[in-house]
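A quick write-up on the structure given underneath.
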Amino acid sequence: MKIVEKYSHLNGLEFLLVHNPELWHEIENVIMTVDAEKCKTKVSKEKTMKGTLLYSPIEMNEMFKQELSKYHWQESRVSYWVTRDENLIRKTLTMPADLQKQEIEAQGEIAIRSYNQTDFVKSRVAIEVQFGKYAFVAYDLFVKHLAFYIGNYIDVGIEILPMKTLQSQMSSGPSYYEGELYNVVRQGRGIPAVPLVIIGIEP
């Protein structure tokens, strides 16, 4: 596959190129190594494309996982505790997880365990490869990457998306680079408040 477009939000790409250029080279190599044609295995059942051979999101995700793991990119999960009280959430937001639970329960509220999970993290950079439904990208950009950044676990979040040319050869539903670029740009220059690199790829 190849990188067709990239968008640097809050100087995400510039930060990488200055502070961690080897990670950017790894990402470029992984994308170039993924052979999309081997993932063109899904026979469409949709009325408008019935019988057409499509790119399989599951197989593409698996291929990215295999290639990224060769460079030791690994899943990261951060646990935290939530409750119904806004002021208590604000008070405990920056505490370690065990102290969050203690403080919430000390105030007589119920502590509910939750977590944020990112598929690939290495050297304070997080990658999400997103071939799923369009709502997942918004969650990645405005919740996952942002939470890891605010929690001081990452410096940059990277979102890898299909270009419309690739998305049109997949099952209906996946998001695509052009649409998600629009969604980010219309929020304004400072939202989401996390440095990002959004990458558009195609075969």
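The values are calculated or read from the model by the stated rules, or taken from the named source; none is laboratory data. Note that the structure is predicted; figures quoted are calculated from it, not measured. For neighbour counting, all protein chains shown are included, and Cβ atoms are generated from backbone atoms with ideal geometry for every residue, glycine included.
Things to note:
- Residue that is surrounded by the most Cβ atoms within 10 Å (Cβ to Cβ), among those in region 34-48 that are free of Cβ contacts under 8 Å to residues at least 60 places away in the same chain and part of a helix (DSSP H, G or I): C39
- Restricted to region 59-93, and to residues there that are small (G, A, S) and touching a residue at least 12 places away in the same chain (Cβ under 8 Å), the residue that is farthest from H145 (Cα to Cα) is S79.
- Of all residues in region 71-101 being charged (D, E, K, R) and closer than 21 Å to F131 by Cα, the one that is modelled with the highest pLDDT: E75
- Only listed residue being in contact (Cβ under 8 Å) with a residue 24 or more places away in the chain and more than 30 Å from T48 (Cβ to Cβ), chosen from G179, G157: G157
- Per the listing I31, I104, the residue uniquely surrounded by 14 or more Cβ atoms within 10 Å (Cβ to Cβ), part of a helix (DSSP H, G or I) and touching a Ser or Thr at 6+ places or on another chain (Cβ under 9 Å) is I104.
- Checklist (1) at pLDDT 95 or above; (2) farther than 26 Å from I150 by Cα applied to K50, failing item: (1)
Listed here are the residues, each with its yes/no results for (1) modelled with pLDDT under 95; (2) touching a helix residue (DSSP H, G or I) at 6+ places or on another chain (Cβ under 9 Å).
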{"position": "S69", "(1), (2)": "no, no"}
{"position": "A106", "(1), (2)": "no, no"}
{"position": "K122", "(1), (2)": "no, yes"}
{"position": "Y134", "(1), (2)": "yes, yes"}
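- Within region 115-142, considering residues that are in a helix (DSSP H, G or I) and in contact with a strand residue (DSSP E or B) (Cβ under 8 Å, 6 or more places away or on another chain), the one surrounded by the fewest Cβ atoms within 10 Å (Cβ to Cβ): Y134
- For region 1-25, the set of residues classified as buried (at least 16 other Cβ atoms within 10 Å of the Cβ) and assigned to a helix (DSSP H, G or I) consists of G12, L13, F15, L16, L23, W24, listed by residue number.
- Among (1) among the hydrophobic types (A, V, I, L, M, F, W, C); (2) farther than 16 Å from L166 by Cβ; (3) out of contact with any helix residue (DSSP H, G or I) (no Cβ under 9 Å at 6 or more places or on another chain); (4) at pLDDT 95 or above, the one test that L16 misses: (3)
- Candidate set: region 111-129, residues that are out of contact with any Ser or Thr (no Cβ under 6 Å at 6 or more places or on another chain) and among the β-branched types (V, I, T); chosen: the one farthest from L141 (Cα to Cα): I112
- Selection of region 143-161 for residues being surrounded by 15 or more Cβ atoms within 10 Å (Cβ to Cβ), β-branched (V, I, T) and under 18 Å from P96 (Cα atoms) yields only I154.
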